[in-house]
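Okay, structure first, notes after.
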Protein chains: 2
Amino acid sequence: MFRVLICWVMIVFAHNVNAASVSATSPNGKLKVLVTDEKHPSYRVFYQDRLVLDWSKLGMTFASHHPLTDGFTIKSNTKRTSDSEWQQPWGEHQVIRDHHNQVTIDFQHPRQSANRYQVEFKLFNDGMGFRYRVPAQTGLEGNIHITNELTEFRSADFKTATAWWIPARGWNRYEYVYNTTSFKDIDRVHTPFTYRATDGLHVSIHEAALVDYAGMTLDLRRDGRLKADLTPWSDGVLVKKNGAFTTPWRTIQVSPSATGLVNSTLILNLNEPNTLGNVDWVKPGKYIGIWWGMHIGENTWGSGDKHGATTSEVKRYMDFAHKYGFNGVLVEGWNHGWDGDWYFNGDVFNFTKPYDDFDIEAISAHGANLGVELIGHHETSGNVTNYRQQMDDAFALYQDNGVTQVKTGYVADAGQIKRIDENGIVRHEWHDGQFMVNEYLHNIITAAKYGISINTHEPIKDTGLRRTYPNWITREGARGMEFNAWGSPPNPPEHTAILPFTRLLSGPMDFTPGIFDMGFKGLDANSDRPQTTLAKQLALYTVIYSPLQMAADLPRNYEANLAAFQFIRDVPVDWEKSKALSGEVGDYIVMARKDKHSSQWFVGGLTDENARVVNLDLDFLTNNTRYKATIYKDGNNAQWETNPYDLIIENKLVSPSDTLTVKMAESGGFAIKFSPL
Amino acid sequence: MFRVLICWVMIVFAHNVNAASVSATSPNGKLKVLVTDEKHPSYRVFYQDRLVLDWSKLGMTFASHHPLTDGFTIKSNTKRTSDSEWQQPWGEHQVIRDHHNQVTIDFQHPRQSANRYQVEFKLFNDGMGFRYRVPAQTGLEGNIHITNELTEFRSADFKTATAWWIPARGWNRYEYVYNTTSFKDIDRVHTPFTYRATDGLHVSIHEAALVDYAGMTLDLRRDGRLKADLTPWSDGVLVKKNGAFTTPWRTIQVSPSATGLVNSTLILNLNEPNTLGNVDWVKPGKYIGIWWGMHIGENTWGSGDKHGATTSEVKRYMDFAHKYGFNGVLVEGWNHGWDGDWYFNGDVFNFTKPYDDFDIEAISAHGANLGVELIGHHETSGNVTNYRQQMDDAFALYQDNGVTQVKTGYVADAGQIKRIDENGIVRHEWHDGQFMVNEYLHNIITAAKYGISINTHEPIKDTGLRRTYPNWITREGARGMEFNAWGSPPNPPEHTAILPFTRLLSGPMDFTPGIFDMGFKGLDANSDRPQTTLAKQLALYTVIYSPLQMAADLPRNYEANLAAFQFIRDVPVDWEKSKALSGEVGDYIVMARKDKHSSQWFVGGLTDENARVVNLDLDFLTNNTRYKATIYKDGNNAQWETNPYDLIIENKLVSPSDTLTVKMAESGGFAIKFSPL
């Protein structure tokens, strides 16, 4: 028995006359937050006077200190407005405007100790963030163990909204097929968590600047309360602190359209500026790799007859890279450790001992002659103690051989990261707990000392730290192309029509697009294969932002279709500006991006399992300029299951006032290069 | 990248030649367990040589001691067989046979400390259980904090089986509409967790004898591994121990039929015998209550014009109970605390201070004259510190007034049990964490000192402790009738066709059946109302086992239909034996039970939203006896939405060799009393 009485509570609640409340709005006045100390410290969010989040709790509790929960009231608040611009060293936008209103609320408790904390809100036109600031104070001495973060996001739309999500705290990290369900049917979910209300309002909840804290997942409670569910340490503690601390930003992106989410810069704006100084050594680029051959079984990571990472094979790839204009060659399976039981034990990898058939010096010299870099690889198999012990030596070896980019891997099951603690006891940690949040960042900071940029696979989710650490250049963190090699099921047609509105809101993804031969296990729909047309493979280069972009297929498959390959050769990876032109979550998307180093524009569009016609207003192009549009699009008979290779390449002269009509096949797409005349 | 390499692991695994393994079977030889120390300590389960659970890990880890995980090998094992019978003081069976084979396996580690533990397996014909025994030893001194129990149940059928489940660690405790999904689509689930393989094998996973340990929920990992996911303390620790300890039994019921699960006595057989000595003071019985009036809004728990718990109203109920043969009258809302903001704060209840209009002495005296007991009520609203401080006084007051049964309530949201810790800090605990497991049992043991039996609402799930503490007489712990008053949605027609194969496998449930007036908010399908026919309401008394069984409706509604009410008056609550005759999970069930104190048999059957005809072989009746069968069944035009009250009552003379054919309407049922001639 519990339900009837709730009404009474609300009545009492409404009659509390001593409560204080504070409000703030975004610069355009559309987004509004209301903070109260009635009953509990709580907040409420409106968009154009429409309720988005109803009263949602704030606060946290500790293992052995007084909690920051009930009994706190608003003592004072401070408001300020800020409007500035900042530059990205690389990115989807060269310049980002940071225009926001800020309110910092001081909560206090009548007791004599552990009686103060702040919540800082920043409201932008594209969303808002808030974070806790807990100052050093009497009653909060010593080791502070957070046991519960009370933060809630209580959606006004949870009964009727549609949600896109992947489960949290399961066996995998983030590599799941996305679920599309009623909001009310979601599980414990990872962020970014995106939903669409019946009136078309789109909301995405995530976090920014996740440093020295546990990753936040969301657990659905009644009345649509998504409760912060921090991923614990192996000893059950959520977060370990000592002294004053500040939490990551809890973020809420709000937009009347799906594309509004994609065009948001909220996450980056809530991160701290670059702390690395000059980062000219961080170089966006395109690469190929000794990689896909292993996934489809032509090669092995381990030694033997089919070993992929041989000196001769790497040189062959470098020659190909040089011929077609790629910056680097990723080589996996080059070091000792791959031959045994590495997946579960993971203490076998030696990061400075190449296989005998991999002559790193000869390879580096060969690359240097061609202007092609070796891209390094560190698979830890989740044994982070083993990796940490060798980390400096490993980066030094690469630095000595001219390597400036390293892909890392942490492929253990979720919850199975292996570390040896201070007592010599083996501990198993989550990829998204505080321990690993710190471990990943330690890797980035260490790499920076050696002039190396990191592409993290099996990473902690992105929260915009590339702004602060520009050498954290890209990462995986969702189902990428590899799942089409052995995923059973492979990524469904809608997968890349969901990613831009979910995973990609957090930052770049090394998806490794560009598979031209889809028939490596047969071309029928039930095989492991990319469930796309060839045109859609090309579209991925513009749709999915990553400053490192792979051409993932084997060289021979590109040489068999140089006409289509030309687009991959042409498309840049660093942009002056980017804009989602149209799209709906899980259905389709059209992205336009302007090259940072030329006057060219590129557009990519892709669709889910449904064929679709898009009318492309070209008004994003530079005024009073005529362009040659080179269009790569699905042929009239293209269809992903039966006829994926039907591709039309055509040239058109266009102006910004024109409209282009493009038909996408089932799981098809298109890619366009606009060159000014 | 992670998938391709798994094959290698399996090969290495198969080549380990030093491993030891131990097996054991059930007395009938059908159920078999195989335990190995290859790779990890693990076990495997077969039923008639069919794989049920594939290799599933064993072990646990601690916060500051060496883990009991990898590196342990089988040192020795001890087997024994046991066949005995024991008596229940009350129950669904008077006598229970305990026939099992046992094997205790000693695991050891080569290191010098924290190097020993045992796993004890008991195999019965209806299922198996196992538990860990961790002895006191060097290296396991001091406070032992369990941070992970590795136990897995790796189903061989997870890709294709159908599962029935409710989510764990959500806002509610156990009061959810059951989900019916593919096994592979389950969430983190509560136990009993029941699934059916495509070949009809039924499996239910649960635990027995949950004492001084955290409740176990199950989290689905890849390859169908259900991982034990213990509910944590508020500080994140899962279980706190000091010195040697033994875990609860992890149980696996296996049956080729759904009814086989219902007829299992595994859970009780794995509990310890009665420790309370003579329990003649524990009295099964039927009751009415001042209760439903509050749920449908005619009365209030709090004081005022509509206050339900007034002296005159209780006397009127007692008169009714006396007239129609009920043992007691439950009275909720009798004590101070209900008028304010009790649901969230919950420190307002005074368990010894009746409202002014509730004269407990006069009421007790009135009841004593009539042979009707007052049934007590303690709503804690989850503030267990407040309750504990008053507990002895509260029971003493009731004892002084002749009360021998008390219903308790812990209605806070899940995770929101409020306690004050040893430092005066407010802590919020889960209903199914170790703290509350101990708190509920403390309540039972305290009540026993005052000769009081407890009916726990918002309880910890049942794990068979009624055997050890027979005054823990029944409990709620699933969606009961109250949800039909305000559940929105109310319990769907299939609800009571799922409960017998899930929740009720764990023990009795105070469902509070018998609503005769379903039109209190209108009779259409979208109202809050019982979604059943009247005959199905009668069926619930035999289908759902509870030694305390309520006639939940208002007296006036029974007096308006005394013919149907006669069945509720006649049906007993204590049984010599019970047997599920037929049924399928979520579809229907037919239960037969023999009265413990007469030669009468009772049968109840009910169906989900589909009408259904059952042919009832009467061979369960006592041989060579003829019976008068009084049959309460759906009328020809009965249908739950449009015509729930169409009821036929008829008498037939029958013999054990007869077959009765009964038609159940959509969400209908039937109830039969068999009286020997």
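Ranking B:81, B:100, B:117 by Cα position along the charge dipole of segment B:71-177, where only Lys, Arg, Asp and Glu carry charges on their C-beta atoms, puts B:117 farthest toward the positive end. Separation of segment B:374-425 from segment B:183-242 is 28 Å, based on Cα centroids. On a straight-distance basis, which lysines could pair with residue B:39 in a cross-link, Cα separation under 17 angstrom, same-chain partners fewer than 8 positions away excluded? Residue B:39 reaches A:418, B:57, B:75. Rolling a 1.4 angstrom probe over the protein assembly as shown with all protein chains present gives an accessible area of which 45% lies on carbon and sulfur atoms. Nearest beta carbon of chain A to the A-to-B rotation axis, with distance in whole angstrom: A:236, 1. Computed from backbone phi with θ = phi - 60° and the Karplus coefficients 6.51, -1.76 and 1.60, the 3J(HN,Hα) list for segment B:278-286 is 5, 10, 4, 6, 8, 10, x, x, 9 Hz; x is used for glycine and proline. Segment B:515-571 and segment A:38-68 have Cα centres lying 43 Å from one another. Between residue B:620 and residue A:95, the simple spin-label model (points 7 angstrom out along Cα→Cβ) gives 8.2 nm.
Placing unit charges on each Cβ (+1 for Lys and Arg, -1 for Asp and Glu) gives the protein assembly as shown a dipole about its Cα centre, and among B:565, B:190, B:538 the Cα reaching farthest toward its positive end belongs to B:190.
Annotation: amide H of residue B:127 within the under-5 Å range of B:254, sequence separation 5 or more or interchain, hydrogens built in the peptide plane.
Expressed as a fraction of 2.2 N^0.38 Å, the value expected for a compact globular protein of N residues, the C-alpha radius of gyration of the protein assembly as shown is 0.99.
For segment A:45-175, a crude dipole built from +1 on the beta carbon of Lys and Arg and -1 on the beta carbon of Asp and Glu, taken about the Cα centre, is about 360 debye to the nearest 20. On a per residue basis, segment A:469-516 carries 11 Å² of accessible surface, using protein heavy atoms and a 1.4 Å probe.
When each of the peptides B:583-593, A:597-607 is scored by the mean number of other C-beta atoms lying within 10 Å of its residues, the order from highest to lowest reads B:583-593, A:597-607.
Karplus-based coupling profile of segment A:490-503, in residue order and whole Hz: x, 4, x, x, 7, 3, 7, 8, 9, 3, x, 9, 10, 3, with θ = phi - 60° in 6.51 cos²θ - 1.76 cosθ + 1.60 and x standing for Gly or Pro.
Could you report segment B:297-355's accessible area per residue, 1.4 Å probe, as an integer in Å²?
I get 38 Å² per residue for segment B:297-355.
Name the residues of segment B:124-158 whose accessible area, probed at 1.4 Å, falls by at least 10 Å² once all protein chains are in place instead of their chain on its own? For segment B:124-158, once contacts with the other chains are taken into account, B:147 lose 10 Å² or more. Summing charges over all other residues whose Cβ lies under 15 Å from the Cβ of residue B:472, with Lys and Arg as +1 and Asp and Glu as -1, gives +1. Think of a 1.4 Å ball rolled over the protein heavy atoms: segment A:115-194 then has 29 Å² of accessible area per residue. Taking the longest Cα principal axis of chain A as reference, the axis of helix A:311-324 is set at about 90 degrees.
A point 7 Å from Cα along Cα→Cβ stands in for residue B:136, and the other copies hold the same point at 4.4 nm, listed in rising order.
Near residue A:335, the amide H atoms lying under 5 Å from its own belong to A:355; only residues 5 or more places off or on other chains count, and H is placed 1.01 Å from N. Amide H to amide H, with H built 1.01 Å from N, residue B:407 comes under 5 Å of B:376, B:377, B:378, B:455, counting only residues 5 or more places away or on other chains. Against the main long axis of the alpha-carbon atoms of chain A, helix A:384-400 sits at an angle near 50°. Per residue of chain B, the DSSP helices (runs of n ≥ 4 H) give a summed -39500 (n - 2.57) that works out to -4500 deg cm²/dmol at 222 nm.
Take B:274-286, B:485-497 and order them by the average number of nearby Cβ atoms within 10 Å per residue, most first; the result is B:485-497, B:274-286.
Sorted from nearest, the other copies put their residue A:275 label points 5.4 nm away, the label point being 7 Å from Cα in the direction of Cβ. Each other copy places its own label point for residue A:179 at 0.6 nm from this one, sorted shortest first, where the point lies 7 Å along the Cα-to-beta carbon line. Checking the cross-link pairs A:32/A:577; A:122/A:240; B:240/B:461; B:407/B:449; B:286/B:577; B:306/B:536 against a 22 Å limit on the alpha carbon distance flags A:32/A:577; A:122/A:240; B:306/B:536 as lying beyond it.
A simple charge model with +1 on the Cβ of Lys and Arg, -1 on the Cβ of Asp and Glu and nothing else charged puts the dipole of segment A:39-78 at about 40 debye relative to its Cα centre. Net charge in the neighbourhood of residue B:584 (other residues with Cβ under 13 Å of its Cβ; Lys, Arg +1, Asp, Glu -1) is -1.
Of the beta bridges in chain B, as assigned by DSSP with both residues counted there, near 85 percent are antiparallel.
For segment A:229-330, the dipole from Cβ point charges (+1 on Lys and Arg, -1 on Asp and Glu) about the Cα centre works out to 160 debye, to the nearest 20.
If I fit a long axis through the Cα atoms of helix A:434-449 and take the longest principal axis of the Cα atoms of chain A, what angle between them do I get, 0 to 90°, rounded to 10? The helix A:434-449 is inclined about 50 degrees to chain A. All other residues whose Cβ lies under 10 angstrom from that of residue A:676 are scored, Lys and Arg at +1 and Asp and Glu at -1, for a net of +2. Here r is the Cβ-Cβ distance between residue B:677 and residue B:560 and R0 is 30 Å; the resulting FRET efficiency, rounded to 0.05, is 0.40. Summed over both chains, the contact between B and A buries some 5000 Å² of accessible surface at a probe radius of 1.4 Å. For segment B:192-298, relative contact order (Cα pairs under 8 Å, six or more residues apart, normalised by length) works out to 28 percent. Antiparallel beta bridges, as assigned by DSSP with both residues in segment A:326-412, represent about 10 percent of the total such bridges. Of B:515, A:135, A:442, which is farthest towards the positive pole of the protein assembly as shown's charge dipole, taken about the Cα centre with +1 and -1 on the beta-carbons of Lys, Arg and Asp, Glu respectively? Farthest towards the positive pole: A:135. Shown in residue order for segment B:417-433 are the 3J(HN,Hα) couplings computed by the Karplus curve 6.51 cos²θ - 1.76 cosθ + 1.60 at θ = phi - 60°: 4, 9, 9, 9, 7, 5, 9, x, 8, 6, 10, 10, 10, 7, 4, 10, x Hz (x for Gly and Pro).
The values are calculated or read from the model by the stated rules, or taken from the named source; none is laboratory data. In this text, all values refer to a predicted model and were calculated from it rather than measured experimentally. Every residue, glycine among them, receives a Cβ derived from its backbone with ideal geometry; neighbour counts consider all protein chains shown. When the accessible area is computed, the model is the full protein with side chains, heavy atoms only, and any ligands, DNA or RNA have been set aside. Shrake-Rupley method; radii C 1.70, N 1.55, O 1.52, S 1.80 Å.
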